[in-house]
Amino acid sequence: MKVEVNPKDTSRGEAFELWMSSPMPMVTLTKTFNVTKVLNVSKRSGIKFNALLCWCIGKAASNMNEFYLLPEKDKLFKYDSIAINVIVNNSKGGINSCDIAYTDDIQQFAKDYNQLTTQVATQCESSFVEDSMIIGTSAMIETELDSIVNQYTDKFCNPMVMWGKYRKQWFKTTLPISFQFHHVQMDGGHGAKFLEQLQNVINEL
């Protein structure tokens, strides 16, 4: 469910006043993650690496209040659920968007991920989850990337988590991940806390 709220009644009231009219209110943080556990669990369970990473992102975000608030067209909205958006390569050589509702049940999330992304790739039509706070993701696994800064547009203020190809070393696998968010939604400290929580969720897989 999505409802408009008075910014002054939330913890983001001051940030709303400071950053809502800013021409460039997006902040990008980049952290190198140890994703050895994601790769190992993927191999053992048969769940795709990206599906597992998307679930970890949803799990980490679901425990932070800031992820349930989002600015949109000079207003602030509160949500009661989260979904993860992935970019899908379709059968015509183009791309489409696909939203997957987050659930604590990792097996159910993986099942939904496979079903929905396959459907979108085959039908070449985007699939959306209405009235959930969407966390965008973009995996550019064709090459190793150190950092990604996404375009900013006032049509899309949602947080974005982006990465390239993971890097296999002797005893661990690492992956730099970029996290972009609107300054009204959270401060840099909140963004850093999310990245730390994401590593903790990965470690506990």
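The values are calculated or read from the model by the stated rules, or taken from the named source; none is laboratory data. These numbers were taken from a predicted model, which means no experiment stands behind them. So basically every Cβ, Gly included, is an ideal-geometry build from the backbone, and we count neighbours across all protein chains shown. With ligands, DNA and RNA removed, areas are computed over all heavy atoms of the protein, side chains included. Shrake-Rupley method; radii C 1.70, N 1.55, O 1.52, S 1.80 Å.
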Residue-count net charge about LEU70 - beta-carbon cut-off 12 Å; Lys, Arg +1, Asp, Glu -1: +1
Along each principal axis, Cα extent of the chain, largest first, Å: 48, 39, 30
Share, in percent, of DSSP beta bridges within region 133-205 that are antiparallel, nearest 5: 65 percent
Distance between modelled label sites at ASP146 and PHE77, nm, 7 Å Cα→Cβ extension: 3.7 nm
Percentage relative contact order, the chain, counting C-alpha pairs under 8 Å, at least six apart: 30 percent
Using θ = phi - 60° and Karplus 6.51 cos²θ - 1.76 cosθ + 1.60, couplings along region 98-115 (whole Hz; Gly, Pro as x): 9, 9, 10, 4, 6, 9, 5, 7, 5, 5, 5, 4, 5, 5, 5, 4, 5, 5
Radius 11 Å from Cβ of TYR102, net charge of other residues (Lys, Arg +1; Asp, Glu -1): -3
Cubic angstrom per residue, convex hull over Cα atoms of region 152-205: 101 Å³
Stretchable slack from VAL41 to LYS2, in nm (0.36 nm times residue separation minus alpha-carbon distance): 10.6 nm
Label point distance in nm, LYS92-MET24, each placed 7 Å from Cα along Cα→Cβ: 3.5 nm
Sum of side-chain charges, VAL184 neighbourhood, beta-carbon under 15 Å (Lys, Arg +1; Asp, Glu -1): -4
Long-range HN-HN contacts of LYS165 with modeled amide H, under 5 Å: THR143, GLU144, LEU145
Whole-number accessible area per residue in Å² for region 1-85, which is evaluated in the context of all protein chains at 1.4 Å: 51 Å²
Relative compactness, region 129-173, computed as alpha-carbon Rg over 2.2 N^0.38 Å: 1.51
Extension gain, ASP154 back to SER138 (0.36 nm per residue minus Cα-Cα distance, nm): 3.9 nm
Mean-position separation - Cα centroids, region 154-205 and region 48-94, in angstrom: 12 Å
Spatially close lysines, pair count over region 29-87: Cα under 21 Å, gap of eight or more or interchain: 6
Per-residue [θ]222 nm for the chain (sum of -39500 (n - 2.57) over DSSP H runs n ≥ 4, rounded to 500): -10000 deg cm²/dmol
Charge dipole (the chain, unit charges on Cβ, about Cα centre) - positive-most of SER45, LEU116, SER178: SER45
GLU204-ASP131 FRET efficiency (beta carbon distance; Förster radius 41 Å; 0.05 resolution): 0.90
GNM result for the chain, Cα springs below 10 Å: residue of ILE84, ILE47, ILE134 fluctuating most strongly: ILE47
Estimated vicinal HN-Hα couplings, Hz - region 138-148 in sequence order (Karplus 6.51, -1.76, 1.60; Gly, Pro = x): 8, 10, 9, 7, 6, 8, 7, 10, 8, 7, 9
